[in-house]
1. Run the dipole for segment 81-208 about the Cα centre, Lys and Arg Cβ at +1, Asp and Glu Cβ at -1, nothing else charged, and hand back the magnitude in debye, nearest 20.
2. Work out, step by step, the length gained on full extension between Glu151 and Ser67: first 0.36 nm times the residue separation, then minus their alpha carbon distance; give nm to one decimal.
3. Label-point separation (nm) for Ala52 and Arg158, each offset 7 Å from Cα along Cα-to-Cβ?
4. Between Leu90 and Thr44, what is 0.36 nm times their sequence separation minus the Cα-Cα distance? Round to one decimal in nm.
5. Taking other Cβ within 10 Å of each residue's Cβ, how do Trp137, Trp42, Trp211 sort, fewest first?
6. For Leu121, Leu222, which order do you get if you count the other beta carbons within 10 Å of each Cβ and list the fewest first?
7. Would you mind calculating the gained length between Thr238 and Glu26 on full extension (0.36 nm times residue separation, minus the Cα-Cα distance), in nm to one decimal?
8. Which order do Met150, Met87, Met97 fall in if you start with the one that has the fewest other Cβ atoms within 10 Å?
Amino acid sequence: MSLKLSSARWLGLVALTLSGQVFSAELTLNQAIEQALEQDLWQTSSVQREQALIDRAQSSGSLPDPSVTLTAGNFPVDTFDIQQEPMTQLSVAVTQMFPRGDSRALTAQRNRELSSQQPLLRQDRALRVRQAVTRLWLQGYQAQESIQLMEQERDLLRQLVDAERAGYASGLNNTRQQDVVEANVELIRLDDRLTELRQALAVTREQLGEWLEADPESFIGLPEVPGPDALPSAEVVTHHPQVLAFERRIQSSETGEALAQQSYRPA
């Protein structure tokens, strides 16, 4: 697919890009990241897991439902008259189960700690999605631009081959048959390289399409490369969501250990 644009189409593309609207077949890096984040089902499932753990923490922090038992002794089953026999007895019992030690509070605490991991895991997931989509988009952009440059080079090389053939056929300019052969070999090599780039571009589009609604036909707008000041510092690394989520996981493990110790307490 040729990516050369006429001047009118190029001006229209620039205007649409500046207004935040682009053709559906063309994709900027920011658009790719936004679409991938919006369509990430993992984020939705993480929200559901968080809410389930919050509900579990609320329920586990409450006492079990009491049970009511109604019993009857020496009850006449022939007439069902409780006044028939003087020894007929009716009794009602209410029982309440109290969990072992502090297991109720510890279970609720552990579920809250597990639920607090999910927002951090979602932040980490968003960073991973951004990284994966950026890598694929840049690969596609590089292949696209390389194809465009090599197609221009191919046109020049084709003109050179035609000139060599014409010169060899006319006997002018001291053109040798070897010059014609070498020019044709270079053209064949260039065609092979173009085929490899087109295949790599197709694979990248397919992989990026796993994150997006549809495979993009072209990539536009090279993003700015961050400078040295944008590199993460040690403080940023320690506050990374994955590190914070790991700390929460350690807390929940410690709470789980304390919960296991409650099994030695009476219920």
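1. 620
2. Details: separation 84, 0.36 × 84 = 30.24 nm, distance 8.15 nm.
Result for the pair: 22.1 nm of gain on full extension.
3. Placing both labels 7 Å along Cα→Cβ, they lie 5.9 nm apart.
4. Details: separation 46, 0.36 × 46 = 16.56 nm, distance 5.44 nm.
That works out to 11.1 nm of additional length.
5. Values: Trp137 24, Trp42 13, Trp211 18.
Least crowded to most crowded, the residues run Trp42, Trp211, Trp137.
6. Numbers: Leu121 20, Leu222 12.
Fewest to most other Cβ atoms nearby, the residues stand as Leu222, Leu121.
7. 72.5 nm
8. Details: Met150 16, Met87 7, Met97 10.
The fewest-first ordering by Cβ neighbours comes to Met87, Met97, Met150.
None of the figures in this text is laboratory data; all of them are computed from the coordinates on show. Every value quoted in this text rests on a predicted model; they were computed, and no experiment measured them. We place every Cβ from the backbone using ideal geometry, glycine too, and count neighbours over all the protein chains shown.
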